[in-house]
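This report refers to the structure that appears directly beneath it.
The values are calculated or read from the model by the stated rules, or taken from the named source; none is laboratory data. As the structure is a prediction and not an experimental result, all values here were calculated from the model. Note that each Cβ is placed from the backbone with ideal geometry, even for glycine, and that neighbours are counted across all protein chains shown. These accessible areas exclude ligands, DNA and RNA; they are computed on the full protein's heavy atoms, side chains included. Shrake-Rupley method; radii C 1.70, N 1.55, O 1.52, S 1.80 Å.
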Amino acid sequence: MKKALACLAAALSLAGSAFSAESSPLSQPIPVRRVVMVHGIFQNEWRCFGHLRRELEARGVECICPSLKPADARNGLPALAEQLKQAVDAKWKPNEHFVLIGFSMGGLVGRSYLQDLGGASRCDGIITVATPHYGTRTAWLWYGEGAHQMRPGSDWLTKLASTEYKLGKMPAVTYRTCADLMIVPSQNCNWARAENVTVSCPIHALMSCNPDVRKDILDRLATPAGIATASRQKAQDVTLPAKRVVRQTSTRGKKS
């Protein structure tokens with residue numbers, strides 16, 4: 001009860017400020033042309049990241065969000081990671097890089113793909129939203145191999161942690177809400193090697209479509225549309241002074 005009240009108080013304290021960074025922020029936006037989105041448990045392509053996917057595509061980013069089966073992960077997370085690898089390899093060439101965004105269980109599936117199946121060699125950044133990097137106690141309430149693997153201290157999580165070095169210096173960002181009743185304790189969404197951001201959001205399921213989370217993710221990515229806009233602005237900053245000089249010279253010529 002005390003922990004629940006503490007989480008509620010923390011969530012209310014964040015209401016006026018959507019974010020609370022718990023480690024050093026990324027130094028610069030991550031260039032991105034492709035994004036791999038990995039849905040959570042019981043979800044599929046159309047039940048996760050809908051708003052964010054449309055916003056990224058509007059900015060010139062190519063997105064894929066394969067439906068991984070079975071969605072309840074009864075056969076284990078590595079089996080879903082294998083499906084994810086197959087979907088990425090079928091869509092893009094080996095030299096085409098991407099950023100990976102995972103929601104809840106999808107963040108662990110994404111890490112399994114990057115760390116254990118060679119995906120890290122073509123990934124420029126990983127973003128996880130409400131992902132139990134250190135497990136969740138609610139996994140004790142569910143069946144299947146995937147649920148067993150998401151229990152705190154499981155052999156699978158321990159092994160996953162042991163291969164983090166394969167990510168090298170890859171940028172990583174995580175988001176969590178203190179009011180999360182699916183990831184217990186919610187601090188297990190924080191990841192030691194990532195920039196950890198706490199968000200004011202009342203429900204776990206809403207994190208992937210939370211407008212503040214989406215905006216923050218978009219701000220961290222240098223999309224094709226954003227790069228083009230910045231280039232045009234830079235070109236205007238360079239050429240405008242020259243145009244003003246030409247006009248002034250022309251005006252003086254007419255007066256004389």
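Structure values in brief
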| read-out | value |
| --- | --- |
| Surface share of carbon and sulfur [accessible, 1.4 angstrom probe, percent] for the stretch 24-82 | 48 |
| Compactness index (Cα Rg / 2.2 N^0.38 Å), the stretch 149-210 | 1.22 |
| Computed E for GLU57/ILE203 - FRET, C-beta separation, R0 22 angstrom, nearest 0.05 | 0.30 |
| ASP124 long-range amide H proximity, modeled H, under 5 Å | PHE98, VAL99, LEU100 |
| Protection-proxy order for peptides 60-68, 170-178, each taking the mean of Cβ atoms within 10 Å per residue, highest first | 170-178, 60-68 |
| Interchain or long-range residues, amide H under 5 Å from LEU181's placed H | HIS204 |
| Gain upon complete extension [ASP72, ALA161; 0.36 nm per residue less C-alpha separation] | 29.8 nm |
| Centroid-to-centroid separation of the stretch 158-172 and the stretch 117-141 [C-alpha atoms, Å] | 10 |
| Sorted peptide list for 218-227, 192-201, 105-114, criterion being average Cβ within 10 angstrom, highest first | 105-114, 192-201, 218-227 |
| Directionally averaged projected area (convex hull, Cα atoms, the stretch 101-177), nm² | 4.9 |
| Interchain or long-range residues, amide H under 5 Å from CYS63's placed H | VAL35 |
| Restraint check, LYS69/LYS169; LYS166/LYS215; LYS93/LYS215; LYS85/LYS159; LYS91/LYS166; LYS91/LYS215, Cα-Cα greater than 25 Å | LYS69/LYS169; LYS166/LYS215; LYS93/LYS215; LYS91/LYS215 |
| By accessible area with a 1.4 Å probe, ligands and nucleic acids excluded, highest first: order of PHE98, PHE42 | PHE42, PHE98 |
